[in-house]
Amino acid sequence: MNTISDAMKMSASVANQSSFPLNQWYVAAFSGELTDKPIARKLLNQPVVLLRTGGGQVAALEDRCCHRSLPLSCGTVESGGVRCGYHGLLYAPNGSCIEIPGQERIPAKAKVTSYVVTEKNHIVWIWFGSEEGSAPTHDAPDYPHHDDPKYKFGWGVYHYDAPYQLIHDNLLDLSHLGYVHLKTIGGNARQHMNAEMKVTSEGNMVRVIRLMPGTPPPPTYKAAYPFGDKCDRWQEIEFDVSHLRIWTGAVEPGKDVIDDPDRGGFHMRGFHGITPETETTAHYFWSMASNKHPDMPETIDTVIEQTKYTFDEDRVVIEAQYKNMRQFGEQAAWTDIHVDVGAVRARRIIAKLLESSR
Ligand code: FES
Ligand SMILES: [Fe+2]
């Protein structure tokens, strides 16, 4: 497992990519994706091969063999690194070629760019710095809920034919639940739209909190927890530049306090890594961790299944939105409404970061 301290190897710079905030940790993969096969993934316009060596080390390299440019993702993973699938050059996790079959001398220039990666809480993070070879300026984010025995989580990786910020917009405004997700986590649309929303910012983080006491539990909540006619729902959204943490759930009225940090009830802890692929496409890494009610222990899988269904619905909406934006011209004006406060703040943060890197 890599750590920030041993990650001082050469890190690629994407300084010429001003479309994305740099000096950030982005999600490259979930740990569970890295098995015995390399993965090809374009991240911030960079074709990258992700792999876990036989020794367990996670690595991210430029997806191009320095010999004749076959993608290294077409090769095979070995204990020492990845072997090109054309003429067998073997690359170590630091990008150096360490073996050329049939040739003793390895030229000094036989190497490819390696990226700084670190694996934490079942998430593989990749550092994109603004300078060639720049070391991370801060640790990769923590996400302890993946390792909390109180929860069980499932995950998925979606490709989006839409720019990354449209996914930010969607996640920062959960008023859409009552219109898009009626079959799962929706509920009463009017209550969503009328719920008081508290939006605060701190550095590059935006927090949106909405409380909806006395609301009918939506289908996923009822499937997972023995709620009566009403529940007290909460939504806490934390936006960070490359990912969001969304804690939602509900307590039984009168039994728990809706904003007690140690509240019981039914919890859905969503992790949302949003990594631009290009200016117009994105990778969406989601996970959902949920707790179990003692009388309904088997329902976590149902929650995760319904979450997947829910995020499928979001993808349909967002991709249709972007298709239409292209049809009408991306400069066609938008009209903001009251639910947009968090999303507008997040866009300001991204704009400020892009501006400061120019
Ligand atoms: S192209 Fe990779 S070894 Fe020849
Ligand atoms: Fe949604």
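Quick notes
- Per DSSP, loop chymotrypsin sites (Phe, Trp or Tyr not before Pro) in the stretch 256-358 with at most 16 further Cβ within 10 Å: W334
- At most 16 other Cβ within 10 Å, DSSP loop - GluC sites (Glu not before Pro), the stretch 69-124: E104
- Quotient of C-alpha Rg and 2.2 N^0.38 Å, computed over the stretch 145-356: 1.01
- Ranking F285, G88, A333 by Cα position along the charge dipole of the chain, where only Lys, Arg, Asp and Glu carry charges on their C-beta atoms, puts G88 farthest toward the positive end.
- Only helices reaching 20 angstrom along their own axis (Cα) with mean Kyte-Doolittle hydropathy no lower than -1.0 count here, and for the DSSP H runs of the chain these are 300-328, 341-356.
- Sparsely packed loop sites in the stretch 65-144 (the trypsin sites (Lys or Arg not before Pro) outside DSSP H, G, I, E and B with at most 11 other Cβ atoms within 10 Å) comprise R68, R105, K109.
- For the chain, the Cβ-based charge dipole about the Cα centre amounts to some 600 debye (Lys, Arg positive; Asp, Glu negative; other atoms uncharged).
- Net charge of neighbours whose Cβ lies under 13 Å from the Cβ of Q191, counting Lys and Arg as +1 and Asp and Glu as -1: +2
- Working from the Cα coordinates of the stretch 24-128, the gyration tensor eigenvalues give, after taking √(5λ), semi-axes of 23, 14, 12 Å in decreasing order.
- Note on T280 and Q165: the model spin-label points, each 7 Å out from Cα along the C-beta direction, lie 1.7 nm apart.
- Dipole of the chain, positive direction: furthest Cα of P217, P141, T184, with charges on the beta-carbon: P141
- Cysteines without a disulfide-compatible partner [the chain; Cβ-Cβ under 4.7 Å]: C66, C74, C97, C231
- One equal scatterer on each Cα of the chain, no solvent, Debye formula: the resulting log10 I(q)/I(0) at q = 0.06, 0.13, 0.14 Å⁻¹ is -0.25, -1.04, -1.16.
- Lys/Arg +1, Asp/Glu -1 at C-beta; the chain dipole; positive extreme among G249, V316, A346: V316
- Burial ranking of peptide ranges 184-197, 164-177 (average Cβ count within 10 Å, highest at the top): 164-177, 184-197
Throughout, read-outs are computed from the coordinates displayed, never taken from laboratory work. Computed from a prediction, not measured in an experiment: that's the story for all the values here. Please note: Cβ atoms are built from the backbone with ideal geometry, for glycine as well, and neighbour counts cover all protein chains shown.
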